[in-house]
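The values are calculated or read from the model by the stated rules, or taken from the named source; none is laboratory data. Model, not experiment: these values are computed from the prediction. All Cβ positions, even for glycine, are placed from backbone atoms using ideal geometry, and neighbour counts span all protein chains on display.
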Amino acid sequence: MLKRDPFSLAVGFSGSTILLFILLPLLQMVVQPSLPDMAETIRDPAVRKAIGLSLFTSGMAAVIALVLGTPLAYILARKDFWGKRVVESVIDLPIMIPHPVIGIAILSLAGRGHWLGDVLQALGVKLMGTTTGIVVVLTFVGVPFYVNAAKAGFEVVPARLEHVARTLGASRSSAFYRVTLPLAFRSLLAGTIMCMARAISEFGAVVIVAYHPMVAPVLIYERFTAYGLKYSQPVAVWLILVSLFLFLLLRIVTA
Amino acid sequence: MLKRDPFSLAVGFSGSTILLFILLPLLQMVVQPSLPDMAETIRDPAVRKAIGLSLFTSGMAAVIALVLGTPLAYILARKDFWGKRVVESVIDLPIMIPHPVIGIAILSLAGRGHWLGDVLQALGVKLMGTTTGIVVVLTFVGVPFYVNAAKAGFEVVPARLEHVARTLGASRSSAFYRVTLPLAFRSLLAGTIMCMARAISEFGAVVIVAYHPMVAPVLIYERFTAYGLKYSQPVAVWLILVSLFLFLLLRIVTA
Amino acid sequence: EPSGDVIIFHAGSLTVPFAKMEKEFEAAHPEVDILREGGGSTKMARMISDVGKTADIMASADYQVIDKSLIPDFASWNVRFASNQLVLCYTDKSQYADEITADNWYEILQRDGVVWGHSDPNLDPCGYRSLMVLQLAEKFHDKPGLYDRLIANRPEENVRPKSVELVSLLKTGNMDYAWEYRSVAVQHDLQFVTLDDHINLGNYKFDPFYKQAKVEVSGEEPGETMFRTGKSITYGITMTDDAPNPEAATAFLEYLFSKEGGLKVLKELGQPPFVPARVPSQKMYDILPTSLQDKVVVKQ
Amino acid sequence: MIEVQNLDVRLPGFALENISLCVPQGAFGALIGPTGSGKSILLEALAGLQPVKRGQIFNHRGEITRLPPERRGFGLVYQDAALFPHLNVRENLLFARRYTDLAKAEVVREMNELSERLGITHLLQRDVRTLSGGETQRVALVRALLVRPSVLLLDEPLSALDPVFREEIQYLLQRLHQEMGLTMLMVTHNFEEVVMLAEQVAVIHQGRFLQKGAVQEVFTTPRSPFVARFVGMKNLLAATPTQDGVLVAGHVVRTIGPGRETNNQVLGIRPEDVLLAPPHPGAPSSNAYPGSISAVTYHGVHCAVRVECALGEVTAHLSPREYRELGCSPGDAVTVILPAEKLCSIPA
Amino acid sequence: MIEVQNLDVRLPGFALENISLCVPQGAFGALIGPTGSGKSILLEALAGLQPVKRGQIFNHRGEITRLPPERRGFGLVYQDAALFPHLNVRENLLFARRYTDLAKAEVVREMNELSERLGITHLLQRDVRTLSGGETQRVALVRALLVRPSVLLLDEPLSALDPVFREEIQYLLQRLHQEMGLTMLMVTHNFEEVVMLAEQVAVIHQGRFLQKGAVQEVFTTPRSPFVARFVGMKNLLAATPTQDGVLVAGHVVRTIGPGRETNNQVLGIRPEDVLLAPPHPGAPSSNAYPGSISAVTYHGVHCAVRVECALGEVTAHLSPREYRELGCSPGDAVTVILPAEKLCSIPA
Ligand SMILES: [Mg+2]
Ligand SMILES: [Mg+2]
Ligand SMILES: [Mg+2]
């Protein structure tokens, strides 16, 4: 069907432009470092630690989004209620908040002198410069991705299936676990991956809350600004490869 | 239907936790600056310039995403082709690439010595430290949001309507402009807003490509790290307010 | 009449005075736009030397950074224009704020739950100078092992890339104490503990004592290291050899070195300027832009 | 049994109002109404799947208005069967096992028995997405029956089926009702299904009941033109009361039973009750009108013959054989006879 | 007219193979097949909306296999009408105006004329989302007719309609065909619609034509049990050839016309062709078998009577009147007569 009419030409042009626009810089990134550079980089414990921390914290963020976001996504998919539009807009807010502002806002809540900060401190929870703080930031930036994907997934499961399950004797939760969840599973997984992917990429909010321990994007930034391209690229490539591999694995394992 | 069964409790708990988690830091942000602070801040030409630049560059990114992304989104919504899954994954890539890496990757393409960089230089296009560079970065981070929203919008328009338009005499493009576009319009608008919102929030990639001219997130970061909360918060609040207002206006004007 | 953009990289601790200078200078020269980027001095110098970013002027919190990183490949001369000293900053909210004095600060910093920090010694002179202060305190107060005990109570996450960032952490209640330059403390209305001249790195007369402090910092590339030796705090500034806008940059430096201009601003904001500014040798004096020569003297 | 008293259901943009009905133990009730009239919502409200604003619902044990769906003892079969696509046929059928106290062996025995009876034994291991329309509905029926519901709620059980399968499921429902004595309540928009299956019917339109009663009664004496049209009483003629009957287009038509006093009325007769005869040369018999055939359409199982006569256009349904025996073609003269006992006065 | 030669269409997971058909100028053709048999895809391929892999399509002017849809001159009406929801009725109707050379006044005149004729003049300013099913279909028809198509392609035009509207649109299509001489090709899964409207029919299953021919021919002499069942020939009895006819369950059944030689055959008769008579005490007439009524179902316009007789179970469709005159109830004895001229031998 792709013939040489103006419509198809427009499609071909715009499609390839966008794909090239996304792929060219990344390919350039990936191709440039030499294999010895790559090997040396991954032997650097600081790099391994940063990539590990990135995976761990964004994974935690995704798990939190999964646990907290699933019921909310379900209700947004199933019910019409007053203020639903507002709730949906609030869920999307983290996407538009400038990243440094996210870090600043979370830090200013958690400090001594603020009631919430005092409560947290009393509970022994510290956000500044801690893994906890990183997870909180990453959850903040990642949660809209999970909720939106999960909502779309639940919307595709017909409410009638749950209704029938109820008339067959299932309680509300039982119907959810035995019918809705298995059917929406792939969307929830995709949402988790998107949430984790978004979290792994975050820099501006993290660098304010926690410079140390260093997540990979902070390490990459530091290496770039302090030493230049040559020392930051291999780290970036490793992070991208490791996370792509992980996402692929997740999809395959759960397929 | 929201009764006190365990299911509803879970929903209520998770929903309010997420909403509070998103809203509390932001409210804290918005409530803290005094009105005189706010007034003084917006009189600062640097602040006005940065917010203006943020709006302009992210607006440009959204327009570019709209122009280039619409045909691609349409094809992704309408056709099944070999490699479609790959194309969709590529479109989502910018979400998972660490923000500093995006900046680094774009810079390393545009640098002297690289064939593309030389071409750009010959054309007089400079990315480092220019508005052009910022727009390129923001387009990179924003384009998945537009394409995904537009694709979802096109998917909702039944192909049958286009088919009927064709049998009524419309060419492919005519059917697109007279049937598909008006029906998908709200989704395209929502996608544009999402793309612009995402672009406005970007920091890590921009700060690498262009510290100056300063977009608002960079200014906020600079003010926070150099002067502290008191001087960064009002800027953040102004940026958020201005962009919320703009998004609202866009929706109202085009409703 | 100078015009165009002037890109200035400067130490984070110079942010407030340089912002004020930018305002005054741009008012006098409306055709010029000063574009400042502040950060740890070491890092800013490396952005020129290693990353290849361009800047017209580089102002460092340690003149040695310019000597080591930029001269001779990226710059030719280095003018010393101000000094400073290190202080321990805190706020009302800080734990034990009502107890701390110049005599017990090192005990308080060892207490459980006290959060204190400094900037990254690898990126920011204020960072390695903070560590030098701790080493000198060990010697001055004759408390062997003090340095190690203090560092043991300062987890790595309390280290930030540039010293001024710590101000926000103090003010938001996320940190109790932070090492800053005195000028920064004054500029941000912080309370601070002033230390003895033996350890505050503010008095060049104590350079022999200061010399006992040695801090290991990262070198040219990740993994390599080198040592920084204690010395009184001296700020240096230079114009890069391939500055895109030397004319306007020179005009700004003229303003900065003038008694009624930049040096006055520094003084007002709590930082002791060298009046007039100095270069260490006649040879360097000779290669200065001629318009700067009458504002600078040769002094070791 | 199921009984509903003064039920109100309010949804965004739609409301059911003042619904009362009763399907006694072992009866087959039907709700008929056009698309969007609220019949499916009513069924879901009875099953506890839509919130009730006012009114009461009872099953044979007592009031159940506030009980959750899983404790009402009603089975529900949707138009599209709503089989669980992630489970195979057998797993679909055994879905409810977890919620009963019966031993697994007992449940499996019952499943095998019912599967045999409904002819799906050979499908047990199949992926439900590979089933045909008729097979899908039979699986849904077995699944619902296995929980031994006191009432089976059927939401347009035949609408989604091709005609070939439709008849098969129709027979099946009839057998289930007659042989197992199952109480059923079906919603549909097709009056043929009601005639075939149900004993009691209610006509619903825009969330309200327009008429209810025994199927034959509603079908022969609809109380409004809307109901008349909806139950297939195609011939509706504007009429005014007169001595001996009513006046239609200036002609007296003899009727039986209480004539309506109001001027605003409609005379109705089902097309299968209209008789056609060869043109009568002599004096017309009672309620016989000369006319001419304007159109004939062959519908497979019957012929629709439109006749233009003195009263207006009248449609008669004949079997193809009857039409053949009449020996007339479009354009030919013919006599239309409206048997007085089949005529029905309807307030307009 | 429309002619198709050896058409192949290949889509992911589905293929149409070797399709040939011809609908002459002014004729009414039909494609009938179960859900998923590929009939809608074929219609779209004819309209140029699905890529053709092999074969040719012609209209009255010549080959159009590679022409874009807008240059084929075919109108298309979908099951769900596919009105443009962002345009009102009038704007929907005038959508095509931009693509004609006619003056606006001329187009509007034609629109008014056709709207009048199809009874939608009062709807012109309405939002299309407020229309009823029948109104929607009529608007879609006018919209398609206004481009003066040489052939009108109808995709299940009646399926989405409630029975009340269905008959109305059925009549309308018949009138359009007869009065305007429009060439039409309709796809449907309902054989009643085919009987009523079409002249030629093709039965499609899994992307291939099983049988095509004149409607009466396909309906009375299906060439496979699948086609037989699909066109409503419910009575299918396994048979073997013998002298004088065929042998069914040990009984000789007399047939007319060429008996099939193969042992693997099925004897078919449409239920409306089966005759029922009161039990015959004397010698049985030709093809008459004693039996007893096992079930009767009333379908509104006809009664389906199932009779258990020596040949097996046979279903007869009678009009309610005929059934009444027969005077039998379930369980009663009855004589089944299979008129030899209605019997049909089908290869199994
Ligand atoms: Mg400026
Ligand atoms: Mg319904
Ligand atoms: Mg179809």
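Give the residues of region E:85-95 that are within 13 Å of E:Ala140 (Cβ to Cβ) and assigned to a loop (DSSP other than H, G, I, E, B), sorted by residue number.
Within region E:85-95, E:Pro85, E:Leu87 meet the criteria.
Working carefully through the options D:His205, D:His189, find the one that is within 16 Å of ligand 2 (Cβ to nearest atom), in the same structural domain as D:Ile41 (by the TED database), surrounded by fewer than 20 Cβ atoms within 10 Å (Cβ to Cβ) and more than 16 Å from D:Pro24 (Cα to Cα).
D:His205
So, in region E:76-87, how many residues would count as being more than 18 Å from E:Ser159 (Cβ to Cβ) and either in contact (Cβ under 8 Å) with a residue 40 or more places away in the chain or more than 7 Å from every other protein chain (Cβ to nearest Cβ) (or both)?
Residues flagged as more than 18 Å from E:Ser159 (Cβ to Cβ) and either in contact (Cβ under 8 Å) with a residue 40 or more places away in the chain or more than 7 Å from every other protein chain (Cβ to nearest Cβ) (or both) within region E:76-87 amount to 3.
Quick one: which helices (runs of 4 or more DSSP H) sit completely within region A:74-156 and have at least 1 residues that are under 27 Å from A:Pro182 (Cα atoms) and without any contact (Cβ under 8 Å) to a residue 12 or more places away in the chain?
Qualifying helices (runs of 4 or more DSSP H): A:84-96.
In region D:302-342, what residues are part of a loop (DSSP other than H, G, I, E, B) and over 17 Å from E:Ala316 (Cβ atoms)?
Correct list: D:Ala310, D:Leu311, D:Gly327, D:Cys328, D:Ser329, D:Pro330, D:Gly331, D:Asp332, D:Leu338, D:Pro339.
With the requirement that a residue be farther than 25 Å from E:Phe219 by Cβ and at pLDDT below 80, what does region E:245-282 give you? Break it down stepwise before answering.
Here is the first cut: in region E:245-282, the residues farther than 25 Å from E:Phe219 by Cβ are E:247, E:249-252, E:263, E:278-282.
E:Asn263, E:His280, E:Pro281, E:Gly282 - these are the residues of region E:245-282 that are farther than 25 Å from E:Phe219 by Cβ and at pLDDT below 80.
State which residue is nearest to E:Gln25 (Cα to Cα) when the search covers only region E:88-99 and only residues that are out of contact with any Asp or Glu (no Cβ under 9 Å at 6 or more places or on another chain) and within 14 Å of another protein chain (Cβ to nearest Cβ). Full working, then the answer.
Taking region E:88-99 as the starting set, the residues that turn out to be out of contact with any Asp or Glu (no Cβ under 9 Å at 6 or more places or on another chain) are E:90-98.
Checking the rest, the ones that are also within 14 Å of another protein chain (Cβ to nearest Cβ) come to E:91-98.
Details: E:Glu91: 30, E:Asn92: 27, E:Leu93: 25, E:Leu94: 26, E:Phe95: 26, E:Ala96: 24, E:Arg97: 25, E:Arg98: 27 Å.
If we take residues in region E:88-99 being out of contact with any Asp or Glu (no Cβ under 9 Å at 6 or more places or on another chain) and within 14 Å of another protein chain (Cβ to nearest Cβ), then E:Ala96 is nearest to E:Gln25 (Cα to Cα).
Go through the residues of region B:17-29 one by one and say whether even a single one is at pLDDT below 90, closer than 23 Å to A:Val136 by Cα and not in a helix (DSSP H, G or I).
no
Results for (1) surrounded by 14 or more Cβ atoms within 10 Å (Cβ to Cβ); (2) within 26 Å of A:Arg186 (Cβ to Cβ), shown as yes or no for each residue.
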{"site": "A:Phe7", "(1), (2)": "yes, no"}
{"site": "A:Ala10", "(1), (2)": "yes, no"}
{"site": "A:Leu20", "(1), (2)": "no, no"}
{"site": "A:Leu27", "(1), (2)": "no, no"}
{"site": "A:Val47", "(1), (2)": "yes, no"}
{"site": "A:Ser58", "(1), (2)": "yes, yes"}
{"site": "A:Gly83", "(1), (2)": "no, no"}
{"site": "A:Leu93", "(1), (2)": "yes, no"}
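Look through region C:175-197, keep the residues that are within 16 Å of the chain's Cα centre (by Cα) and hydrophobic (A, V, I, L, M, F, W, C), and return whichever of them is surrounded by the fewest Cβ atoms within 10 Å (Cβ to Cβ). First the steps, then the outcome.
Looking only at region C:175-197, we keep the residues that are within 16 Å of the chain's Cα centre (by Cα), and these are C:178-188.
Those still in the list that are hydrophobic (A, V, I, L, M, F, W, C) too: C:178-179, C:184-186.
Numbers: C:Ala178: 32, C:Trp179: 25, C:Val184: 30, C:Ala185: 25, C:Val186: 17.
Of everything passing the filter in region C:175-197, C:Val186 is surrounded by the fewest Cβ atoms within 10 Å (Cβ to Cβ).
Scan region D:122-143 and give yes if some residue there is touching a Lys or Arg at 6+ places or on another chain (Cβ under 7 Å) and over 26 Å from E:Val227 (Cα atoms), otherwise no.
yes
Restricting the first residue to region C:33-44 and requiring it to be at the interface with chain B (Cβ under 9 Å from one of its Cβ atoms) and away from ligand 2 (no atom under 16 Å from the Cβ), which pairs with a second residue that is aromatic (Phe, Trp, Tyr) and part of a helix (DSSP H, G or I) meet a Cβ separation below 9 Å and a spacing of at least six or different chains?
Here the result reads C:Arg36/C:Phe18; C:Gly38/C:Phe18, each pair linking region C:33-44 to a residue that is aromatic (Phe, Trp, Tyr) and part of a helix (DSSP H, G or I).
Every residue, every condition in (1) within 16 Å of ligand 2 (Cβ to nearest atom); (2) touching a strand residue (DSSP E or B) at 6+ places or on another chain (Cβ under 9 Å); (3) closer than 16 Å to D:Gln5 by Cα, yes or no:
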position: D:Ile32; (1), (2), (3): yes, yes, no
position: D:Leu43; (1), (2), (3): yes, yes, yes
position: D:Ile57; (1), (2), (3): no, yes, yes
position: D:Gln79; (1), (2), (3): yes, yes, no
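Pick out the one residue from E:Ala15, E:Ala82, E:Ala30 that is under 16 Å from E:Leu154 (Cα atoms), assigned to a strand (DSSP E or B) and away from ligand 1 (no atom under 16 Å from the Cβ).
The match here is E:Ala30.
Kindly provide the set of residues from region E:26-75 that are acidic (Asp, Glu) and more than 8 Å from every other protein chain (Cβ to nearest Cβ), ordered by number.
Across region E:26-75, the qualifying residue is only E:Glu63.
Considering each of C:Gln95, C:Gln64 in turn, give the residue that is part of a helix (DSSP H, G or I), at pLDDT below 95 and surrounded by fewer than 23 Cβ atoms within 10 Å (Cβ to Cβ).
C:Gln64
Examine region B:4-12 for a residue that is more than 13 Å from chain A (Cβ to nearest Cβ) and assigned to a loop (DSSP other than H, G, I, E, B), and state whether such a residue exists.
no
Tally time: how many residues in region A:44-93 are facing another protein chain (nearest Cβ under 10 Å) and farther than 23 Å from B:Val11 by Cβ?
Result for region A:44-93: 5.
So, D:Val194, is that one closer than 20 Å to E:Pro163 by Cα, within 16 Å of ligand 2 (Cβ to nearest atom) and within 11 Å of chain E (Cβ to nearest Cβ) or not?
yes
Go through region D:49-81 residue by residue and tally those that are under 24 Å from the mean Cα position of the chain (by Cα) and of a type in the set (Ser, Thr, Tyr).
1
Considering region D:290-333 alone, what residues qualify as being more than 27 Å from E:Phe219 (Cα to Cα) and in contact (Cβ under 8 Å) with a residue 60 or more places away in the chain?
D:Ala310, D:Leu311, D:Gly312, D:Val314
Taking the residues in region E:152-186 that are surrounded by fewer than 19 Cβ atoms within 10 Å (Cβ to Cβ) and touching a residue at least 60 places away in the same chain (Cβ under 8 Å) as candidates, determine which candidate is nearest to ligand 2 (Cβ to nearest atom).
Looking at residues that are surrounded by fewer than 19 Cβ atoms within 10 Å (Cβ to Cβ) and touching a residue at least 60 places away in the same chain (Cβ under 8 Å), I get E:Ala160.
For region C:20-60, how many residues are surrounded by fewer than 17 Cβ atoms within 10 Å (Cβ to Cβ), within 14 Å of ligand 1 (Cβ to nearest atom) and assigned to a loop (DSSP other than H, G, I, E, B)?
2
Scan region A:101-122 residue by residue and report those that are more than 11 Å from chain C (Cβ to nearest Cβ) and under 20 Å from the mean Cα position of the chain (by Cα).
A:Val101, A:Ile102
For region D:35-73, which residues satisfy the criterion of being of a type in the set (Val, Ile, Thr), part of a loop (DSSP other than H, G, I, E, B) and either closer than 20 Å to A:Leu161 by Cβ or without any contact (Cβ under 8 Å) to a residue 24 or more places away in the chain (or both)?
The answer is D:Ile64, D:Thr65.
Consider C:Ser49 against the criteria (1) modelled with pLDDT under 95; (2) closer than 25 Å to A:Ile220 by Cα; (3) within 14 Å of chain B (Cβ to nearest Cβ): it satisfies all of them except one. Which criterion is unmet?
(3)
Can you tell me which condition D:Pro12 does not meet? The list is (1) away from chain A (no Cβ under 14 Å); (2) free of Cβ contacts under 8 Å to residues at least 12 places away in the same chain, and all the others hold.
If we test D:Pro12 against (1) away from chain A (no Cβ under 14 Å); (2) free of Cβ contacts under 8 Å to residues at least 12 places away in the same chain, just (1) comes out false.
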